[in-house]
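Below: the structure, in structure tokens.
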Amino acid sequence: MIQVSDVSLRFGDRKLFEDVNIKFTPGNCYGLIGANGAGKSTFLKILSGDIEAQTGNVSMSPGERLAVLKQDHFEYEEYEVLKVVIMGHTRLYEVMQEKDAIYMKEDFSDEDGMRAAELEGEFAELNGWEAESEAAILLKGLGIGEDLHAKQMSELTGGDKVKVLLAQALFGKPDVLLLDEPTNHLDIQAIQWLEEFLINFENTVIVVSHDRHFLNKVCTHIADLDFGKLQIYVGNYDFWYESSQLALKMAQDQNKKKEEKIKELQAFVARFSANASKSKQATSRKKLLDKISLDDIKPSSRRYPYVQFKPEREIGNDVLRVEGLTKTIDGVKVLDNVSFIMNKDDKIALVGADEIAKTTLFKILAGEMEPDSGSFKWGVTTSQAYFPKDNTEHFEGSEPTLVDWLRQYSPEDESETFLRGFLGRMLFSGEEVLKKPSVLSGGEKVRCMLSKMMLSGSNVLLLDEPTNHLDLESITALNNGLIAFKGAMIFASHDHQFIQTIANRIIEIKDGGIIDKQTTYDEFLELKASQKA
């Protein structure tokens, strides 16, 4: 258990949070959410002791151990992979080091013998004899093979280093586990393994993540950092989002009788309870959901951008024909004889481990790169809008204000009032519309690029990782906007829920070609899993 009492933190005149009083209890997984800049990572650092709050304190039960997912991927360059994982249990690692140092002495004294005996006892109590095998199991689950366990961290790729640091945090069954964006850089298999690990983890977990599917799978509670306060809600992210929207609707409808509101709430809770799976997390969550009262749900202060893509022209049956596209980059063949036909109702998710291959296909289809061989042809009724993974060139040396930047992509007859209103819907309000585009944050630039696409009126969308840099609110708004889109699209994303709720066709780019299935993402993953079994 970890308890927060009267914790407050300010940066200058800006209040992050004030008088936070909360208890995080064992057996629960808390998803810590909040708008960008609300202080989620800062709050985790206060819990871990890396930052000191201006008032209040954080306490844990005596003898309990806290583990944190480290963010510095180069901290352990000279250490062996297996040892880095065991370092997650600081005291156990200290005992192992001291014990080994004593046994390596040439002049082994009686005092050394007594000390070694003490250490051996503590080593056994800390489950030291199982340490290496447990570390190896964690690494294997996350996709780090045995051939890498004895290597130094400096020999690993960046993605594998992230996995080792995650294994380090999970090692030794900590009493409290703090995870800041644990799914970043993980492949789908590693994420699925981590989900199962946390679902079965019996102690306290507090996690920050932009992955809604992950939060829905593992969380029993949502800890919402809003209005400078931290409020705990029963349920996963979807339940929190839907309940906050329901609360907003109820607040706006003041004339509705309380009895009607209670019936609406009961129906809402029943729907979510019925959808609970058989996992431990979902079972315990269902029991708590059934106890929710009208006063337990509150509207959120979050603002969601308004994302709506309206095609100016209806798309015809002939959309896109791709034949034998092949491309080699830096001596590596990233696309090999790729062929497919795109239909007018297709919402295609591009998947696959090779990020360069997916981006290369997008660039070719958008006319920004030539293939080595093969061809593609867009239908005469189509118009395409492209969202590149790297949007830097769109903002370098650009217009003096955001309004001017957007004007170059809008129809000539649109007024400044329209442009300001459009930017307002994308959460640029007041003086923000006069910002210089080059100084925008990553998330702000993404919202600008989406604005550019919306103004185009295109009936085919090409989106290469559009959720990168976005907060949960913007991801949710974009997700809903693309579900409602009446045209065709090809997109790539690492967001499981994004793919599952939008795509009706999956194309996986592999060595030697593609796998093309008319199916949902979950069904595609199930098929791949069954083929491996």
Notebook entry, point to check: Where residues in the stretch 375-384 are out of contact with any helix residue (DSSP H, G or I) (no Cβ under 7 Å at 6 or more places or on another chain) and open to solvent by 60 Å² or more (accessible area, probe 1.4 Å), which of them is farthest from Ser451 (Cα to Cα)?
Noted result: Lys377
Next item on the list: Out of Gly331, Gly324, report the one residue that is open to solvent by less than 20 Å² (accessible area, probe 1.4 Å), more than 23 Å from Met453 (Cβ to Cβ) and either touching a residue at least 24 places away in the same chain (Cβ under 8 Å) or out of contact with any helix residue (DSSP H, G or I) (no Cβ under 9 Å at 6 or more places or on another chain) (or both).
Entry: Gly324
Checklist line | Among the residues listed as Ser410, Ser339, the single one being out of contact with any helix residue (DSSP H, G or I) (no Cβ under 9 Å at 6 or more places or on another chain), of a type outside the set (Asp, Glu) and surrounded by fewer than 19 Cβ atoms within 10 Å (Cβ to Cβ) | finding: Ser339
Notebook entry, point to check: Quick check, is Gly397 at pLDDT 95 or above and out of contact with any Cys (no Cβ under 8 Å at 6 or more places or on another chain)?
Noted result: no
Next item on the list: Report yes if some residue within the stretch 71-80 is surrounded by fewer than 16 Cβ atoms within 10 Å (Cβ to Cβ), touching a strand residue (DSSP E or B) at 6+ places or on another chain (Cβ under 8 Å) and closer than 21 Å to Pro182 by Cα; otherwise report no.
Entry: yes
Margin query: Scan the stretch 178-187 and tell me whether some residue there is within 21 Å of Met1 (Cα to Cα) and among the aliphatic types (A, V, I, L, M).
Written below: yes
Item checked: Whichever residue in the stretch 231-259 is exposed (fewer than 12 other Cβ atoms within 10 Å of the Cβ) and more than 30 Å from Leu16 (Cα to Cα) and, among such residues, is modelled with the lowest pLDDT -> Asn255
Notebook entry, point to check: Regarding Leu165, is this residue buried (at least 20 other Cβ atoms within 10 Å of the Cβ) and not assigned by the TED database to the domain that holds Glu134?
Noted result: no
Next item on the list: Give the stretch 127-145 a look and list any residue that's aliphatic (A, V, I, L, M) and over 18 Å from Lys161 (Cα atoms), or say none.
Entry: Ala131
Margin query: Let me confirm something: among Gly56, Gly31, which residue is over 30 Å from Ala150 (Cβ atoms) and either in a helix (DSSP H, G or I) or without any contact (Cβ under 8 Å) to a residue 60 or more places away in the chain (or both)?
Written below: Gly56
Check: When you look at Phe17, is it among the aromatic types (Phe, Trp, Tyr), under 27 Å from the mean Cα position of the chain (by Cα) and either farther than 30 Å from Arg447 by Cα or not in a strand (DSSP E or B) (or both), yes or no?
Finding: no
Margin query: Looking at the stretch 405-427 only, could you name the residues that are touching a Leu at 6+ places or on another chain (Cβ under 9 Å) and under 27 Å from Glu473 (Cα atoms)?
Written below: Leu406, Arg407, Tyr409, Ser410, Leu419, Phe422, Leu423, Met426
Notebook entry, point to check: If a residue has to be hydroxyl-bearing (Ser, Thr, Tyr) and more than 18 Å from Lys70 (Cβ to Cβ) to count, how many in the stretch 157-208 make the cut?
Noted result: 1
Margin query: Can you tell me which of (1) of a type outside the set (Asp, Glu); (2) open to solvent by 20 Å² or more (accessible area, probe 1.4 Å); (3) touching a strand residue (DSSP E or B) at 6+ places or on another chain (Cβ under 9 Å) is the one Ser8 doesn't meet?
Written below: (2)
Note to self: Looking only at strands (runs of 3 or more DSSP E) that lie completely in the stretch 301-384, which have at least 3 residues being over 23 Å from Asp187 (Cα atoms)?
What the structure shows: 320-329, 332-342, 373-378
Checklist line | Members of the stretch 155-210 that are aromatic (Phe, Trp, Tyr) and either under 12 Å from the mean Cα position of the chain (by Cα) or under 28 Å from Leu350 (Cβ atoms) (or both) | finding: Trp193
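Before we move on, is Ile144 touching a Leu at 6+ places or on another chain (Cβ under 7 Å), within 20 Å of Gln71 (Cβ to Cβ) and open to solvent by less than 10 Å² (accessible area, probe 1.4 Å)?
no
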Next item on the list: Output the residues belonging to the stretch 385-407 that are under 28 Å from Lys358 (Cβ atoms), open to solvent by 50 Å² or more (accessible area, probe 1.4 Å) and either in contact (Cβ under 8 Å) with a residue 40 or more places away in the chain or not in a helix (DSSP H, G or I) (or both).
Entry: Lys389, Asp390, Glu396
Check: Going through the stretch 159-206 one residue at a time, which ones are of a type in the set (D, E, K, R) and touching a Gly at 6+ places or on another chain (Cβ under 7 Å)?
Finding: Lys163, Asp187, Glu202
Next item on the list: Give the number of residues within the stretch 422-447 that are without any contact (Cβ under 8 Å) to a residue 40 or more places away in the chain and surrounded by 13 or more Cβ atoms within 10 Å (Cβ to Cβ).
Entry: 10
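Give the stretch 33-57 a look and list any residue that's over 27 Å from Phe239 (Cβ atoms) and not hydroxyl-bearing (Ser, Thr, Tyr), or say none.
Once the filter is applied, which keeps residues that are over 27 Å from Phe239 (Cβ atoms) and not hydroxyl-bearing (Ser, Thr, Tyr), the stretch 33-57 yields Lys45, Gly49, Asp50, Ile51, Glu52, Ala53, Gln54, Gly56, Asn57.
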Margin query: Checking Ile475 against (1) hydrophobic (A, V, I, L, M, F, W, C); (2) open to solvent by less than 10 Å² (accessible area, probe 1.4 Å); (3) over 20 Å from Ala366 (Cα atoms); (4) assigned to a strand (DSSP E or B), only one condition comes out false. Which one?
Written below: (4)
Next item on the list: Give the stretch 26-47 a look and list any residue that's within 16 Å of Arg212 (Cα to Cα) and hydroxyl-bearing (Ser, Thr, Tyr), or say none.
Entry: Tyr30
Item checked: Residue check for Ile102: of a type in the set (Val, Ile, Thr), more than 25 Å from Val207 (Cβ to Cβ) and either open to solvent by less than 30 Å² (accessible area, probe 1.4 Å) or at pLDDT 95 or above (or both) -> yes
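The values are calculated or read from the model by the stated rules, or taken from the named source; none is laboratory data. Just so we're clear, the structure is a prediction, and the values are computed from it rather than from any experiment. Quick reminder, even Gly has a Cβ in these numbers, built from the backbone with ideal geometry, and neighbours come from all protein chains shown. Accessible surface is based on the protein model in full, side chains and every heavy atom, while ligands, DNA and RNA are left aside. Shrake-Rupley method; radii C 1.70, N 1.55, O 1.52, S 1.80 Å.
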